[in-house]
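Colleague: Mind looking over this structure? Questions follow.
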Amino acid sequence: GKTYIAIYIFILRVLEAKGGSLFLATGYNLSVLRNNIEQIFDEFKMVYNRDYTYNSLLYRYQIGNKTIRLCGANNKRSYYNIRGCTATGWYANEIVLQEKSVIYECIKRVSTVKRFKIWDTNPASSQHYIYRDFI
């Protein structure tokens, strides 16, 4: 339920944002991340009559003139895919599995006035770096 709700809220925020906005979605496994997002998009398509496209070469969704960029977060070099962009919002799937360098880079990149961050997580203990460094 937590992943479903997190992605649902993320997509609602994307739809509410001004045109031309860029959003980030990170996950340890890109195929799992994409599958989770696709399920919610299909519901939005039926309920809200909102269509989307996916570019598999660029790992990007388009909803009208808004873009969601999917980025892996499974190794220390993953943050290079995020550098240089400015994002309106960020969704992190299972953030406890993601590299710290990716998390820090995403936090830097989500820098517009109405920015937001949505994470779903299951930290194993209060000693996990997510608790220590971010919560």
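The values are calculated or read from the model by the stated rules, or taken from the named source; none is laboratory data. This structure is a prediction, so every number in the text was calculated from the model and none was measured. For neighbour counting, all protein chains shown are included, and Cβ atoms are generated from backbone atoms with ideal geometry for every residue, glycine included. To get the accessible areas, we keep the full protein, side chains included, count just its heavy atoms, and leave off ligands, DNA and RNA. Shrake-Rupley method; radii C 1.70, N 1.55, O 1.52, S 1.80 Å.
The rows are residues; the columns are (1) touching a strand residue (DSSP E or B) at 6+ places or on another chain (Cβ under 9 Å); (2) part of a helix (DSSP H, G or I); (3) at pLDDT below 85.
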| site | (1), (2), (3) |
| --- | --- |
| L58 | yes, no, no |
| Q62 | yes, no, no |
| I68 | yes, no, no |
| Y80 | no, yes, yes |
| C106 | yes, yes, no |
| K114 | yes, no, yes |
| K117 | yes, no, no |
| S126 | no, no, yes |
| R132 | no, yes, yes |
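Colleague: How many residues, within the range 40-62, are open to solvent by 90 Å² or more (accessible area, probe 1.4 Å) and either touching a helix residue (DSSP H, G or I) at 6+ places or on another chain (Cβ under 8 Å) or of a type in the set (F, W, Y) (or both)? Reasoning before the result, please.
Modeller: If we filter the range 40-62 for residues that are open to solvent by 90 Å² or more (accessible area, probe 1.4 Å), which is where we start, we get 45-51, 57-59.
Still in the list and also either touching a helix residue (DSSP H, G or I) at 6+ places or on another chain (Cβ under 8 Å) or of a type in the set (F, W, Y) (or both): 48, 50-51, 59.
Residues in the range 40-62 being open to solvent by 90 Å² or more (accessible area, probe 1.4 Å) and either touching a helix residue (DSSP H, G or I) at 6+ places or on another chain (Cβ under 8 Å) or of a type in the set (F, W, Y) (or both): 4 in total.
Colleague: Can you tell me which residues in the range 7-22 are assigned to a helix (DSSP H, G or I) and open to solvent by 10 Å² or more (accessible area, probe 1.4 Å)?
Modeller: We begin by selecting, within the range 7-22, every residue assigned to a helix (DSSP H, G or I); these are 7-16.
If the condition is that a residue be assigned to a helix (DSSP H, G or I) and open to solvent by 10 Å² or more (accessible area, probe 1.4 Å), then Y8, I9, L12, R13, L15, E16 are the ones that fit.
Colleague: As an exercise: evaluate E105 against (1) charged (D, E, K, R); (2) under 24 Å from A17 (Cα atoms); (3) open to solvent by 40 Å² or more (accessible area, probe 1.4 Å); (4) free of Cβ contacts under 8 Å to residues at least 60 places away in the same chain and give the number of the one condition it does not meet.
Modeller: So the condition that E105 fails would be (3).
Colleague: Would it be correct to say that A25 is open to solvent by less than 30 Å² (accessible area, probe 1.4 Å), among the aliphatic types (A, V, I, L, M) and at pLDDT 90 or above? First the steps, then the outcome.
Modeller: Numbers: open to solvent by less than 30 Å² (accessible area, probe 1.4 Å): yes; among the aliphatic types (A, V, I, L, M): yes; at pLDDT 90 or above: yes.
Answer is yes for this residue.
Colleague: Out of the residues in the range 82-101 that are at pLDDT 85 or above and of a type in the set (A, V, I, L, M), which is nearest to Y131 (Cα to Cα)?
Modeller: Ranking the qualifying residues of the range 82-101, first place goes to V96.
Colleague: Answer yes if at least one residue in the range 52-60 is touching a residue at least 12 places away in the same chain (Cβ under 8 Å) and over 17 Å from I7 (Cβ atoms), and no otherwise.
Modeller: No, the range 52-60 contains no residue that is touching a residue at least 12 places away in the same chain (Cβ under 8 Å) and over 17 Å from I7 (Cβ atoms).
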